[in-house]
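**Student:** Following this message is one structure expressed as structure tokens.
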Amino acid sequence: MINNKSLKQILTDGEFVIAPGVFDMFSARIADQLDFKALYMTGYGVSASYLGLADAGLITYTEMVARAGTIAQGISKPLIADADTGFGGLLNLRRTILGYEAAGVQAIQFEDQQSPKKCGHTPGRQVIPLDEMLQKIEVACDARRSKDTLIIARSDARTSLGLDEAIRRGKAFARAGADIVFIESPETAEEFRRIGGEVDAWLLANMVPSGMSPEIPSDTLREWGFNIAIYPALGMSVAAASLAAGYQFLQSKHSTIALDVPAYSMQQLHELMGFPEVWEFERRHATKAS
């Protein structure tokens with residue numbers, strides 16, 4: 001389903017956004033065919049699928065913006081994209097905002113972690129001073145060229161400094177101009193409720209059921225004041241499980257006959273990747289040539 005509205009307009013209209021995590025063009029095209037209002041490019045998923053590396057600040061701006069551009073240009077929905085800490089200092093962050101925006105990303109997320117950053121659902125994360133993050137938000141807001149580009153400011157303070165400090169930062173992020181506030185890894189449903197009730201901004205909730213946070217139903221999140229729920233690990237977790245099951249079947253049976261793992265047929269893969277358009281192009285131009 002094609003959605004011609006920008007993410008900013010969707011949120012302004014009061015619609016709740018459920019955004020599945022995508023990390024390559026298989027995941028992006030499959031998710032894009034469904035009735036989601038936006039998609040979320042996960043840094044963990046890109047680092048893992050593209051480089052085979054942990055989400056520990058190892059992937060570069062160039063690698064991330066290239067993947068973001070490929071995904072944004074290949075889908076019809078607004079793309080939200082992870083930009084880690086902005087990939088460096090203030091000048092680096094400015095370049096990141098400009099590059100992601102030019103690549104077609106509609107909402108750009110960066111966080112207050114120290115570099116090198118880590119996945120938000122792993123231990124040992126440390127955050128920069130609040131004043132530094134507020135300056136980064138100012139730079140990010142000034143850098144964007146389109147009024148429809150949204151800045152998502154994420155705080156990882158909950159794990160190391162506690163929920164009160166994370167909420168204090170979230171409020172400050174909103175006052176500094178962030179369009180969307182994202183407090184990472186609340187540890188209970190009550191913590192989500194507090195965030196929704198105390199931070200006056202569009203709010204993003206990260207649903208990672210096997211991580212540090214419980215999964216909260218989207219209707220409940222909306223009732224508590226949240227506007228977006230992302231599911232970054234869903235695609236990569238089910239894809240990894242299916243790959244493992246399929247390869248194990250082949251290893252065990254020495255064949256894929258009677259494979260009992262859900263799988264696309266070659267025709268489905270052809271359609272997903274646009275072969276019908278290729279065949280139509282070839283027919284049209286072959287006719288002209290003849």
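The values are calculated or read from the model by the stated rules, or taken from the named source; none is laboratory data. Treat the numbers as computed from the prediction; the structure is a model and nothing was measured. Virtual Cβ from ideal backbone geometry, glycine too; neighbours counted across all protein chains shown.
**Student:** Counting residues that are under 17 Å from H121 (Cβ atoms), which helices (runs of 4 or more DSSP H) fully inside the range 164-274 reach at least 2?
**Tutor:** Helices (runs of 4 or more DSSP H) meeting the threshold: 189-198, 234-253.
**Student:** For the range 199-251, which positions are among the aromatic types (F, W, Y) and out of contact with any helix residue (DSSP H, G or I) (no Cβ under 9 Å at 6 or more places or on another chain)?
**Tutor:** Y231, Y247, F249
**Student:** While we're on this one: Looking at A54, A38, can you tell me which residue is under 19 Å from A103 (Cα atoms) and touching a residue at least 60 places away in the same chain (Cβ under 8 Å)?
**Tutor:** A38
**Student:** If you scan the range 213-223, which residues turn out to be crowded, with 17+ Cβ neighbours inside 10 Å and of a type outside the set (G, A, S)?
**Tutor:** I216, L221, R222
**Student:** Okay, next question. Give the range 22-42 a look and list any residue that's polar (S, T, N, Q) and buried (at least 16 other Cβ atoms within 10 Å of the Cβ), or say none.
**Tutor:** S27, T42 - these are the residues of the range 22-42 that are polar (S, T, N, Q) and buried (at least 16 other Cβ atoms within 10 Å of the Cβ).
**Student:** On the basis of being under 21 Å from I30 (Cβ atoms) and in the same structural domain as F26 (by TED's automatic domain parsing), does M207 make the cut?
**Tutor:** So M207 fits the description; yes.
**Student:** Then there's this: Here are S155, S210, S146: which of them is at pLDDT below 95 and either touching a strand residue (DSSP E or B) at 6+ places or on another chain (Cβ under 8 Å) or surrounded by fewer than 22 Cβ atoms within 10 Å (Cβ to Cβ) (or both)?
**Tutor:** Being at pLDDT below 95 and either touching a strand residue (DSSP E or B) at 6+ places or on another chain (Cβ under 8 Å) or surrounded by fewer than 22 Cβ atoms within 10 Å (Cβ to Cβ) (or both) holds for just one of S155, S210, S146, which is S210.
**Student:** Just one of the numbered conditions (1) surrounded by fewer than 19 Cβ atoms within 10 Å (Cβ to Cβ); (2) in contact (Cβ under 8 Å) with a residue 24 or more places away in the chain; (3) over 15 Å from the mean Cα position of the chain (by Cα) is not true of R169; which one?
**Tutor:** (1)
**Student:** If you don't mind, there's one more thing I want to ask. Among the residues of the range 79-125, how many are part of a loop (DSSP other than H, G, I, E, B) and hydrophobic (A, V, I, L, M, F, W, C)?
**Tutor:** Result for the range 79-125: 4.
**Student:** Moving to a separate point now. So which of D260, D219 is more than 19 Å from the chain's Cα centre (by Cα) and at pLDDT below 95?
**Tutor:** D260
**Student:** Pick out, from the range 1-60, the helices (runs of 4 or more DSSP H) lying fully within it that include 2 or more residues that are farther than 14 Å from I71 by Cα.
**Tutor:** 7-12
**Student:** Next up: Those residues that are more than 14 Å from the chain's Cα centre (by Cα), under 27 Å from D55 (Cα atoms) and among the basic types (K, R), I need them from the range 1-44; list them, please.
**Tutor:** Selection gives R29 alone.
**Student:** Given the condition at pLDDT below 95, among the hydrophobic types (A, V, I, L, M, F, W, C) and closer than 22 Å to P20 by Cβ, answer yes or no: does some residue in the range 114-123 qualify?
**Tutor:** So far as the range 114-123 goes, yes, one or more of its residues are at pLDDT below 95, among the hydrophobic types (A, V, I, L, M, F, W, C) and closer than 22 Å to P20 by Cβ.
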